[in-house]
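The values are calculated or read from the model by the stated rules, or taken from the named source; none is laboratory data. None of the values given here were measured: they were computed from a predicted structure. Cβ atoms come from the backbone with ideal geometry, glycine included; neighbour counts cover every protein chain shown. These accessible areas exclude ligands, DNA and RNA; they are computed on the full protein's heavy atoms, side chains included. Shrake-Rupley method; radii C 1.70, N 1.55, O 1.52, S 1.80 Å.
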Number of protein chains: 2
Amino acid sequence: MMSEKIDLRRIARELNISVSTVSRALRDSHEISVETKQKVFALAHQLNYVPNPYASSLRRQKSKTIGVILPELPNNFFTHVVNGIEYVARQKDYHVLIYITHEQASQEKALIRHLQSGRVDGVLASVCAQTNDIEHFLGLIQLGIPLVFFDRVYEEIGVPTVTTNDYEASFAATEHLIQQGCKHILHVCLPLHLSISRKRLEGFCAAMKKYGLLVDSHSWLVADDMESFYRALETRLIGNCAPDGIFASVEKLAITVYHICQKRGIRIPDQLKVLAFSNLETAALLAPPLTTVTQPAFEMGKKAAEILFRKIEKRREIFEEQHYVIPSALIARASTLGRLSYPKFSEEHVAMNAEK
Amino acid sequence: MMSEKIDLRRIARELNISVSTVSRALRDSHEISVETKQKVFALAHQLNYVPNPYASSLRRQKSKTIGVILPELPNNFFTHVVNGIEYVARQKDYHVLIYITHEQASQEKALIRHLQSGRVDGVLASVCAQTNDIEHFLGLIQLGIPLVFFDRVYEEIGVPTVTTNDYEASFAATEHLIQQGCKHILHVCLPLHLSISRKRLEGFCAAMKKYGLLVDSHSWLVADDMESFYRALETRLIGNCAPDGIFASVEKLAITVYHICQKRGIRIPDQLKVLAFSNLETAALLAPPLTTVTQPAFEMGKKAAEILFRKIEKRREIFEEQHYVIPSALIARASTLGRLSYPKFSEEHVAMNAEK
DNA sequence: TATTTTTATGCAATCGTTTTCGTAAATTTT
DNA sequence: AAAATTTACGAAAACGATTGCATAAAAATA
């Protein structure tokens, strides 16, 4: 049943050579003769030898593993990011450990602390919404473990980041709503600890001001938790100072908007126009199709991983402070367009400028 | 900058005791005095000591890591499964390595082969659609590495599986379509290598036969790749023997159906009723809301992980052959309901019986 | 031919923890 | 008080792969 363990010793014994020779042969060292190498390769393959990664990692102080920390997994943005990361990791022959914080700072802290063990050669992280405490990340950095933030970043600490053009995309999205006739736009977002929340709110406010529209603390609504957000938003939407446009900072919040509208019979886009940062693959199939700011999720993951590997491969690199920005695309659909009634609508792609 | 490494040796030296004592103290061994333990704990905490997992894994022959193999990540079903897995792994203080095969058998083989190295203590897998070669999985099993399949399984080899009640759910779904008046139902599915494809097709055929409806090789359409599937389906839907109902075996295919209907102006549910196995969180918001067979994704992941840990913890367990089945729920929405016109529709939950 | 260099290999230390096996000292039992 | 046991710790051998150093044999050079 359970066959005998296959290790270097076994191969060495069988070929009557030393363990070190086998090791070197398998790594294709130039100091091993061609015949020996061939014998070793052949036997290793025949025995289906796979080196023990823990022994190897211990000795070489290299885990061939990266850790990915993200707030939640069932989320179209993050899954595509992970796909991008996995794409690069695969090429580099690296393994990917996944950690989900569920937006809880305590879990994030515990995770990061654990990763100080050397289990991973580098970390990619998108921080959780619950806190803005960065202590734990500093610990990682002090140990010299490469770190790259994506999407939800801390820019203060000298760590490379990969984001989309949150401010500009948000500005353009707001402008789009205004051009469609909205005067009372409500911006709904996650806690303002988050970089994305702040930047997107800033872009929103700037656009509002540019067009002389009122912006005050009632112009946005922060979702601390989904239940209370649902209630607060519902109250707001059926009240007498209901907005005529909603700009959701993240997908999840837009879905809540749709649910409330469906429940309350609020007609989109006639009564209320809706727009959101979203990577929903069914955006075009919703009732009505949702206008989105679509983030380059896969590319962001890919780029973040590439930067991480660059850091892993040559640690010395002086120019730490790198902030990559990959632009999002505004895709206008029926939820914000004129008084076209479903299903007649057109799609329009507006790519925004990159910034580096 | 990069602070000196903190290991057991360092703590031992600092406290003037031996390394073995420190190790035992940290594992709270009874053969270490209370005072010594306290000193060790205090210093370890102060120095922010985190044990090297590779050294530990090497010595204990235990990685505290499990591997999850799945065909794709941006998929509502799989992300919830991974969430369930992560939930259990977290409790057990285990780490989760993620591997995505992208439906390619070659990648699956390579991955599984790599996992024979002892990198993981166990493997959870949902097999890829491209092949039905199981050789590589047998290799894992022979090495005594616990394996559990979920969703897309191979039942032939004696490995525990966690699935939903594919046959029954499929039967009930088909019955639902028939009861709504469909006579010419087209079942669209993934390649029939896959357990889920076969079982769902069987459930579909059985229900059709029960109601005396014709079933032949034109009753189903297999999606080998999405491009040709799109074309084949489009041709079928606009042809003169177009079906009046579509039952999609997986979410992705239903989305294609919606896209084609939107493009071709086919009205759902008037002209065509649509139903799918799906965990789409926006199912109720689509135009029209999509009737789904919703799988208990999180629970499936959770259960699969629990079984895996049971195998990891006590390998001897004789009763290998365990097949867990967790029932899906049919949620009827507008896409299959009478001639109600959007947005008036009602939701109805039909839970089906469990089977063990 | 004597000497140096190259080639191909083996020995043994190392990575950081865990654990088996001892063993003084302290404690309990006869 | 002698003997047996318990307590608390240390020395050293693992775990499996890698690698610096040493070295015999072969080849190249003087």
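Based on C-alpha pairs under 8 angstrom that are at least 6 apart in sequence, chain B has a relative contact order of 17 percent.
Taking other residues whose beta carbon is less than 12 angstrom from the beta carbon of B:E135, and scoring Lys, Arg as +1 and Asp, Glu as -1, yields 0. Of the trypsin sites (Lys or Arg not before Pro) in the range A:190-235, not one is in a loop by DSSP (not H, G, I, E or B) with at most 15 other beta carbons within 10 Å. Each Lys and Arg adds +1 at its Cβ and each Asp and Glu adds -1 at its Cβ; summed about the Cα centre, the range A:55-152 shows a dipole of about 560 debye. Within chain A, DSSP assigns beta bridges of which about 20% are antiparallel (rounded to the nearest 5). Taking the label point 7 Å along Cα→Cβ, B:K92 and its counterparts in the other copies are spaced 2.9 nm apart, in ascending order. For the pair the range A:255-282 and the range A:110-162, the centres of their Cα atoms are 35 angstrom apart. Inter-chain neighbour count for B:90-102: the average number of beta-carbon atoms from partner chains within 10 Å of each residue's beta-carbon is 4.
Accessible surface area normalised per residue over the protein assembly as shown is 44 Å², counting heavy atoms of protein chains with a 1.4 Å rolling probe. Each copy carries a label point for A:R59 at 7 Å from Cα toward Cβ; from one copy, the others' points are 1.9 nm away, ordered from shortest. Taking Lys and Arg as +1 and Asp and Glu as -1, the other residues whose beta-carbon sits under 11 Å from that of A:K37 total 0. The alpha-carbon of B:K209 sits under 14 angstrom from the alpha-carbons of these aspartates and glutamates, leaving out residues fewer than 8 places away in its chain: B:E175.
Helices in the protein assembly as shown, meaning DSSP H runs of at least 4 residues, each add -39500 (n - 2.57). Divided by all residues, the mean residue ellipticity at 222 nm is -12500 deg cm²/dmol.
Spin-label pair B:E135-A:S56: with each label point 7 Å from Cα along the Cα-Cβ axis, the two points sit 2.2 nm from one another.
Of all lysines in the structure, the ones whose alpha carbon falls short of 22 Å from that of A:K39, not counting any fewer than 8 places away in one chain, are A:K5.
The loop-placed GluC sites (Glu not before Pro) in the range A:113-164, going by DSSP, that have at most 10 neighbouring Cβ atoms within 10 Å of their Cβ come out as A:E156. In degrees, nearest 10, range 0 to 90: what is the angle between the Cα axis of helix A:251-264 and the longest Cα principal axis of chain A? On a 0 to 90 degree scale, this one is about 40.
Among chain B residues, the one whose Cβ is nearest the axis of the rotation from B to A, given with its distance rounded to whole Å, is B:A287, 2. The GNM of chain B, with springs linking C-alpha atoms under 10 angstrom apart, assigns the highest mean-square fluctuation among B:E108, B:E281, B:E313 to B:E281. For the peptide B:278-287, the mean number of other protein chain Cβ atoms found within 10 angstrom of a residue's Cβ is 6. Compared with the dominant Cα axis of chain A, that is its longest principal axis, helix A:76-91 is turned about 20°. Along Cα→Cβ at 7 Å, what distances in nm separate the A:M226 label point from those on the other copies, shortest first? The answer, with the shortest distance listed first, is 2.5 nm. When B:C261, A:C241 are compared by accessible surface with a 1.4 Å probe, the order from highest to lowest is A:C241, B:C261.
With a 10 Å cut-off around each Cβ of B:118-127, the average count of Cβ atoms from other chains is 2.
On a C-alpha basis, how far is the centre of the range A:183-199 from the centre of the range B:1-31 in Å? Whole number, if you could? That distance is 48 Å. Of the cross-linked pairs A:K311/B:K252; A:K109/A:K302; A:K263/B:K199; B:K64/B:K303; A:K62/B:K62; A:K263/B:K183, which ones have a Cα-Cα span greater than 30 Å in the structure shown? Flagged as over cut-off: A:K311/B:K252; A:K263/B:K199; A:K263/B:K183. In this label model, B:H45 and A:I238 are separated by 5.1 nm, measuring between points 7 Å along each Cα→Cβ vector. Highest average first, the peptides B:330-337, A:263-270 ordered by how many other beta carbon atoms sit within 10 Å of their residues are B:330-337, A:263-270.
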